[in-house]
1. Of the residues that sit in region 87-102 and are more than 19 Å from the chain's Cα centre (by Cα) and under 25 Å from residue 131 (Cβ atoms), which one is surrounded by the most Cβ atoms within 10 Å (Cβ to Cβ)?
2. Any idea which of (1) in a loop (DSSP other than H, G, I, E, B); (2) over 25 Å from the mean Cα position of the chain (by Cα); (3) surrounded by fewer than 15 Cβ atoms within 10 Å (Cβ to Cβ) is the one residue 146 doesn't satisfy?
3. Kindly indicate whether residue 115 is part of a loop (DSSP other than H, G, I, E, B) and in contact with a strand residue (DSSP E or B) (Cβ under 6 Å, 6 or more places away or on another chain).
4. Which of the residues belonging to region 118-136 are surrounded by fewer than 17 Cβ atoms within 10 Å (Cβ to Cβ) and assigned to a loop (DSSP other than H, G, I, E, B)?
5. Spot the failing condition for residue 331; the list is (1) modelled with pLDDT of 95 or more; (2) in a loop (DSSP other than H, G, I, E, B), and only one is missed.
6. Just to be sure before I move on: is residue 430 assigned to a strand (DSSP E or B), in contact with a strand residue (DSSP E or B) (Cβ under 7 Å, 6 or more places away or on another chain) and closer than 29 Å to residue 301 by Cα in the structure I sent?
7. Please go through region 412-434 and pick out each residue that is under 25 Å from residue 50 (Cα atoms) and exposed (fewer than 14 other Cβ atoms within 10 Å of the Cβ).
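The values are calculated or read from the model by the stated rules, or taken from the named source; none is laboratory data. These figures come from a predicted structure and were not determined experimentally. Positions of Cβ are backbone-derived with ideal geometry, glycine not excepted, and every protein chain shown enters the neighbour counts.
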């Protein structure tokens, strides 16, 4: 759910082959971190390709409340005039993270080391998301954090605490929790070490290095010492792989499609969906490999190919947790059975994504069995097992876009309800999608 007073729906209909070149918005994770580290750096950081989404704008507004000047020379561009590691100022009012779980968790790490008190709040959806996994280790570092019952926002963070480094083994792999601890570690005495049961995305580690902070990291472990400084730099944000995922799946399942997705971020901890789709028979090539600001980037050429079901390797799940709703759609269109396990984290995202995808696909005639940590999906002939109908996105942007893709091979129109939060990660999705060939448009919410 979300806090919007006006509901937005889509009407998506079976479409023709997808074609052309697509540039999806900038990577949300990189955009969040570019603003954060730029704000804490010495000097002015120029960010190009910044995601103009509600989540990332919320993070920028928080740092402006904390006394950081942020200029917008043009759309998707920011100049962050850093305040330095100890230059933030207390806001005197609550800091609103909107729907941004990444923003709130990472900010908890930054604010734990400040000399002033802070309160982090969010919208109704974010306020229902558990924060205990990040609160507990920050408290172990010496932070003063109080939450609502159940470890829910708002988070009240006391200032003036002396933080100390810890050696912490994450009970559940989470790039957000790891990043919060590393950011708190900038302010801590001694060494902060974070160990993971499975490697997660290393955006924070890569960007800390780009800003000049000594950090050692390898898959599954990261460590740094406090007492250094961040130096302003130039950041070019790659296209968001999670946003590209919907077009990857669409071109895989719509016959005769061929799309080129430009400058997509190829962080190896982000591309699990790519490996999963290839295991299902997808035809996806990588072209023009290069680096932007320490992040690997490539153009992805995807052509239609019949897919088959797979038993999704558990090792891929941490590297595709945000892309799993799109994989549910690919599985529904594949021949045979797809089994997804080890994805319990999906139940505590912007919504319970396992339940949301299972309920929606079932409403469209797909045979799907929901399990505690995943699903069993029996796919079928293209267009033969997905029907028209109505689905509720539950205010979850990734569920909404996934069903817009599913509708392209449905037997009839699909109404997708409650899509306003798509703007949090993919502003302009409808115009980008229609330019590529998807048939999706705003619907009359009175219908």
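1. For region 87-102, the residue satisfying everything is 95.
2. Only one criterion in (1) in a loop (DSSP other than H, G, I, E, B); (2) over 25 Å from the mean Cα position of the chain (by Cα); (3) surrounded by fewer than 15 Cβ atoms within 10 Å (Cβ to Cβ) is unmet by residue 146, namely (1).
3. Criteria not met by residue 115.
4. Of everything in region 118-136, those that are surrounded by fewer than 17 Cβ atoms within 10 Å (Cβ to Cβ) and assigned to a loop (DSSP other than H, G, I, E, B) turn out to be 124, 130.
5. (2)
6. For residue 430, the condition - assigned to a strand (DSSP E or B), in contact with a strand residue (DSSP E or B) (Cβ under 7 Å, 6 or more places away or on another chain) and closer than 29 Å to residue 301 by Cα - is not met.
7. 431, 434
Every residue, every condition in (1) touching a helix residue (DSSP H, G or I) at 6+ places or on another chain (Cβ under 6 Å); (2) farther than 28 Å from residue 127 by Cβ; (3) assigned to a loop (DSSP other than H, G, I, E, B), yes or no:
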| residue | (1), (2), (3) |
| --- | --- |
| 339 | no, yes, no |
| 346 | yes, no, no |
| 357 | yes, no, no |
| 362 | no, yes, no |
| 378 | no, yes, no |
| 390 | no, no, no |
| 401 | yes, no, no |
| 406 | yes, yes, no |
| 426 | yes, no, yes |
